[in-house]
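Step one of this worksheet: look at the structure below.
Bear in mind these aren't lab numbers, they're just calculated from the coordinates by the rules spelled out. Because the structure is predicted, anything quoted here is derived from the model rather than measured. All Cβ positions, even for glycine, are placed from backbone atoms using ideal geometry, and neighbour counts span all protein chains on display.
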Amino acid sequence: MKMSKVGNQTNSQDPQAVNSRVFVGNLNTFQCSKTDVERMFQRYGRLAGISMHKGYAFVQFTNPFDARSACLGEDGRTVLSQILGK
């Protein structure tokens, strides 16, 4: 099993960090792992952290442009029979 190199830190209050964070709602966290989320979002840019919670996750990018691209690209996508949302 390959371990993720992406950290868990997504709670910085720095304005740049806040604008680089993506909320992933309606996520089936019983079946979807941190590695799965990393694979879904790494195509949009460098990831700084992912924090998983029951039913949702936060994905922290290193810059706001990548975060915005991820929002536009993934909003409404069906993952494990659930539609991702904000």
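Rounded to 0.05, the FRET efficiency of the Gln42 and Gln16 pair, given R0 = 25 Å and the Cβ-Cβ distance, is 0.80.
Alpha-carbon geometry of segment 15-74: the Rg and the Dmax are 10.5, 32 Å, given in that order.
Segment Phe65..His53, full-extension length gain: 1.9 nm, with 0.36 nm per residue of separation and the alpha-carbon distance subtracted. Rounded to the nearest 20, the Cβ-based charge dipole of segment 12-54 about its Cα centre (Lys and Arg +1, Asp and Glu -1) stands at 80 debye.
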